[in-house]
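Participant: Take a look at the following structure, please.
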Amino acid sequence: MAQFERFGSYLILGLSPKEKFFAFHSSPQAKFADIISLRRVDKTWSWKIMKGIRAFGTGFPHVIALGTWRYRKGKNFLAVYGRGPGYVVTFKSGEFKQWVVTPSNSEAELAAMFQGLFI
């Protein structure tokens, strides 16, 4: 399962080799300074959260969404498993506009990593 990792001034979404294969993408990374917000969502499987269509990756509704989703204004990276809650990280620049993730990190780890960014 994907997990957030912080290395210096970068945020990396750590993917396992199996996840990289099914996402058709390596572990995405972004500058920590480019993060606009991090918010917790109860339903990751909604059209408001999962914008666009799957461009590269794997998708089975309400089971897995792994890879790149493209839409008119950009693209998002998704690593969503099951119907549980997840997190949306929004960026002001970079390869992706948002990451939508159900991470393996605990809430305490995320709170420490993203100090002051929770919405």
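Participant: Being under 12 Å from the mean Cα position of the chain (by Cα) and open to solvent by 100 Å² or more (accessible area, probe 1.4 Å) is the filter here; which residues of region 31-43 pass it?
Facilitator: Passing the criteria: only 40.
Participant: Within region 78-92, can one find any residue that is modelled with pLDDT of 90 or more, of a type outside the set (A, V, I, L, M, F, W, C) and under 13 Å from residue 23 (Cβ atoms)?
Facilitator: yes
Participant: Of the conditions (1) surrounded by 12 or more Cβ atoms within 10 Å (Cβ to Cβ); (2) touching an Asp or Glu at 6+ places or on another chain (Cβ under 9 Å), residue 84 satisfies every one except a single condition; which number is it?
Facilitator: Just one mismatch for residue 84, condition (1).
Participant: Can you tell me which residues in region 7-30 are among the basic types (Lys, Arg) and surrounded by fewer than 13 Cβ atoms within 10 Å (Cβ to Cβ)?
Facilitator: Within region 7-30, 18 is the sole residue that qualifies.
Participant: While we're here: Of the conditions (1) loosely packed, with under 15 Cβ neighbours inside 10 Å; (2) in contact with a Gly (Cβ under 7 Å, 6 or more places away or on another chain); (3) closer than 15 Å to residue 103 by Cα, residue 3 satisfies every one except a single condition; which number is it?
Facilitator: The single condition residue 3 does not satisfy is (1).
Participant: For residue 3, are the conditions met, namely being free of Cβ contacts under 8 Å to residues at least 24 places away in the same chain and within 14 Å of the chain's Cα centre (by Cα)?
Facilitator: no
Participant: Could you tell me whether any residue of region 58-74 is part of a loop (DSSP other than H, G, I, E, B), open to solvent by less than 60 Å² (accessible area, probe 1.4 Å) and modelled with pLDDT under 90? Walk me through how you get there before you give the answer.
Facilitator: We begin by selecting, within region 58-74, every residue part of a loop (DSSP other than H, G, I, E, B); these are 61-63, 72-73.
Going one step further and asking which of them are open to solvent by less than 60 Å² (accessible area, probe 1.4 Å), we end up with none.
Taking every residue of region 58-74 in turn, none turns out to be part of a loop (DSSP other than H, G, I, E, B), open to solvent by less than 60 Å² (accessible area, probe 1.4 Å) and modelled with pLDDT under 90.
Participant: Now for a different question. Within region 20-49, work out how many residues are farther than 17 Å from residue 95 by Cβ and either touching a residue at least 24 places away in the same chain (Cβ under 8 Å) or in contact with a His (Cβ under 8 Å, 6 or more places away or on another chain) (or both).
Facilitator: Result for region 20-49: 11.
Participant: For region 87-110: of the residues being under 17 Å from residue 44 (Cα atoms) and open to solvent by 70 Å² or more (accessible area, probe 1.4 Å), which is farthest from the chain's Cα centre (by Cα)?
Facilitator: Per the criteria, the residue is 107.
Participant: OK, next. Got a sec? Which of 55, 79 is part of a strand (DSSP E or B) and under 15 Å from residue 41 (Cα atoms)?
Facilitator: Every option except 79 fails the conditions.
The values are calculated or read from the model by the stated rules, or taken from the named source; none is laboratory data. Since we're looking at a predicted model, the values are computed, not measured. Neighbour counts are summed over all protein chains in view; Cβ atoms, including those assigned to glycine, are modelled from backbone coordinates with ideal geometry. In case anyone asks, the SASA skips ligands and DNA or RNA and just uses the protein heavy atoms, side chains included. Shrake-Rupley method; radii C 1.70, N 1.55, O 1.52, S 1.80 Å.
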